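Read through the structure below, which is laid out as structure tokens, and then see the notes.
The values are calculated or read from the model by the stated rules, or taken from the named source; none is laboratory data. Because the structure is a prediction, the values reported are computed rather than measured. As a convention, Cβ positions derive from the backbone with ideal geometry for all residues, glycine included, and neighbour counts pool all protein chains shown.
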Amino acid sequence: MKKTIRVGLAAALTLCGTLALAQSLNVTLRGGTVDDQVAVDRNYDQMEGRIKRNYRQQPPLVPHSIAQYQIDLRTNQCLGCHDWSKAGERNAPTLSMTHYLDREGRELDQIAGTRYFCNQCHVPQANAPALVENLFQPSIGR
């Protein structure tokens, strides 16, 4: 029991020492203090139109802005156009049938809860430079 207390105390002192050192050096992830003005990168334009997929099972990318879309437990604005009952009249792609299957594979009349939050998989694309060097080559079209 005495060893446990000593090890715990040593770990706590090490953590406190690290925090004190960071505070004394005024090191932040932003590169400045809280009050400093931080330069913000410019916003990049949303790419419009259908975007080619890079691999066979890739979820389709969103070809329009979703900046003001509400997607929460009560509302999913994507379904206003893409639900199977509305897609034809809105001239929008219909959700895949897989979005209407529960975990056991049974068909549902409404979108499955596991597929309700669209932007978990479907993301909009911006015409922005890569954040890191990327040598990715799409597997489609080879």
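Would you please name the residue that is farthest from the chain's Cα centre (by Cα), looking only at residues in segment 67-79 that are part of a loop (DSSP other than H, G, I, E, B) and surrounded by 16 or more Cβ atoms within 10 Å (Cβ to Cβ)?
Cys78
Which ones in segment 90-127 are closer than 23 Å to Tyr55 by Cβ, touching a Phe, Trp or Tyr at 6+ places or on another chain (Cβ under 7 Å) and surrounded by fewer than 13 Cβ atoms within 10 Å (Cβ to Cβ)?
Passing the criteria: Ala126, Asn127.
Among the residues of segment 105-142, how many are under 24 Å from Arg56 (Cα atoms), in a loop (DSSP other than H, G, I, E, B) and of a type in the set (D, E, K, R)?
Residues that pass the stated criteria total 2.
Inside segment 91-142, can you point out the residues that are of a type in the set (Phe, Trp, Tyr) and assigned by TED's automatic domain parsing to the domain that holds Arg74?
If we filter segment 91-142 for residues that are of a type in the set (Phe, Trp, Tyr), which is where we start, we get 100, 116-117, 136.
Matches in segment 91-142: Tyr100, Tyr116, Phe117.
Could you please tell me which pairs satisfy a Cβ distance under 9 Å, a separation of 6+ or placement on different chains, a first residue in segment 58-85 that is free of Cβ contacts under 8 Å to residues at least 12 places away in the same chain, and a second residue that is of a type in the set (D, E, K, R)?
Within 9 Å, the pairs are Gly80/Lys86; Gly80/Arg90; Cys81/Arg90.
Quickly run through segment 87-104 and pick out the residues that are assigned to a loop (DSSP other than H, G, I, E, B) and over 20 Å from Asp72 (Cα atoms).
Initially, segment 87-104 is screened for residues assigned to a loop (DSSP other than H, G, I, E, B), giving 91-96, 102-104.
Listed by number, the residues that qualify are Asn91, Ala92, Pro93, Thr94, Ser96, Arg103, Glu104.
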